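Data first, discussion second: the structure below is written as structure tokens.
Readers should treat all values here as calculations from the given coordinates under stated rules, not as data from a laboratory. These numbers were taken from a predicted model, which means no experiment stands behind them. Every residue, glycine as well, gets a Cβ built from its backbone with ideal geometry; the counts of neighbours run over all protein chains shown.
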Amino acid sequence: MTSLQFGPWAILYAAAALQGLFVAGVLLCTDRGNKQANKLLAVLVLAFSWTRFMSFVNLSELFRFWPHLISSGAVLWFLLAPLYYFYVRAFLAQPVQWNFFSVVHALPALAILIYMIPFYLLPAEAKLNLMLNPDPSERTRLVMLVFSLVYGAQNIVYLGMSIKSLRLASRADAAAAKPAHLSWLRLLFTLMILFAVFHVIVASVEFWLNRDLVAMDYLPMTFFTVMVYAIAYLAMQQPEKLFPPHLRIKKMAWSGEPALAETDAVIRQLRKIMENEKPYLDCNLKYSDLAARLGISVRHLSRILNEELGQSFNDFVNAYRIKEVQSQLLHKQNGEHTLLAIALAAGFNSKTSFNRIFKSHTGMTPSQFLQARREPATAETSPVHSDSSAQ
């Protein structure tokens with residue numbers, strides 16, 4: 001009976017395949033970040049994992065027991081680059097618009113599938129025989145070289161389009177999309193282009209030398225293995241890179257400014273975030289923090305606040321803090337808290353700044369605000385200590 005070969009490379013590829021299966025499950029189940037991008041990345045990781053699994057099957061010689069697995073991943077190789085491109089576009093809020101002509105993305109994979117159908121229809125014994133005794137003819141070697149060159153060309157085209165999308169995101173200056181998020185996409189891009197380059201080099205050398213350089217295949221295959229582990233690492237250790245907020249890359253009008261419809265949408269989203277998530281409760285809230293939640297640049301947010309809303313960042317944030325204080329002061333259950341404690345909880349960092357900002361927004365001091373709204377019958381027994389405020 002044939003013994004299996006579980007060498008170090010086989011074990012590494014098997015571990016990567018299992019890791020990828022786990023990561024894909026996490027991506028499909030998570031509610032964090034951009035769900036469409038997560039699903040596309042999950043499909044990409046599953047494709048990576050299948051290539052690692054097939055490497056494990058080949059190295060361990062499991063194909064002797066499962067002949068129908070032989071070359072089952074051939075079509076997947078021509079789906080990797082399009083999947084990466086779709087993922088980048090979705091990640092950067094530039095999803096591909098699907099129409100009848102979108103079928104062009106599947107043409108290389110479809111061509112490979114049609115070419116492989118006769119092999120897939122062979123009985124198990126015939127497949128195993130071809131695997132153990134490959135056709136040494138020049139025609140077969142030429143076909144393999146052509147496949148490798150087409151694969152390399154496809155990667156260049158799609159990765160080139162991905163670079164264009166990354167540059168567009170950089171020019172749009174989307175604060176939520178950089179630097180960590182764009183660096184992650186560039187890392188994945190670098191690993192894929194390195195694999196494509198090495199794959200073409202190895203295939204070309206094997207063709208011209210008429211030799212199967214198995215040892216040289218390990219290096220390009222390692223890049224895919226690193227991809228799977230890199231994605232797993234980010235998912236566990238740096239999820240903010242893998243699951244960013246739903247980015248909003250600016251669609252520029254001819255004037256170079258965001259379109260009016262988009263500006264209105266950003267304003268609505270801004271108000272929704274302020275009312276529901278209450279980021280203003282953080283006394284250290286910065287321009288960049290709020291811009292990142294919106295998926296726009298600090299410059300874009302500043303323009304919207306100054307030109308559209310007629311407010312500075314501090315005035316805009318402090319208006320919500322004042323409303324929060326007023327709401328808490330009128331809430332009966334806050335009687336045990338001092339006025340200063342309520343102000344600090346609302347995001348103010350000192351009594352002096354709170355009193356000054358409160359008066360500038362309401363035209364009265366906190367004590368005057370309380371007295372104007374208290375019922376005469378409870379004015380003397382109110383548990384809120386107004387002596388904490390400056391008169």
**Contour excess over end-to-end distance, with Cα ends at residue 64 and residue 119 and 0.36 nm allotted per residue** = 18.2 nm
**Fill in**
Ordering 187-197, 77-87 by per-residue average of other C-beta atoms within 10 angstrom, highest first, gives 77-87, 187-197
**Fill in**
Phi-derived 3J(HN,Hα) across segment 299-313 with the Karplus relation (6.51, -1.76, 1.60, θ = phi - 60°), rounded Hz, x for Gly and Pro, is 4, 5, 4, 4, 5, 5, 5, 6, 8, 8, 9, x, 9, 7, 4
**About the Cα centre, charge dipole magnitude for segment 102-175 (Lys/Arg +1, Asp/Glu -1 at Cβ), debye** = 280 debye
**Complete:** Going through 164/286; 272/323; 39/278 one by one, the pairs whose alpha carbons sit over 22 Å apart turn out to be 164/286; 39/278
**Fewest-first sequence of 52, 268, 293, 356 by Cβ atoms within 10 Å of each Cβ** = 268, 356, 293, 52
**GluC sites (Glu not before Pro) within segment 276-341, DSSP loop, no more than 15 other Cβ atoms inside 10 Å** = 277, 336
**Item:** Virtual spin-label span in nm between residue 265 and residue 107, 7 Å along Cα→Cβ
**Value:** 3.1 nm
**Message:** Quick one: 3J(HN,Hα) in Hz for segment 278-294, Karplus 6.51/-1.76/1.60 with θ = phi - 60°, rounded, Gly and Pro as x.
**Reply:** 6, x, 5, 5, 7, 5, 9, 4, 10, 3, 5, 5, 6, 5, 5, 5, 7
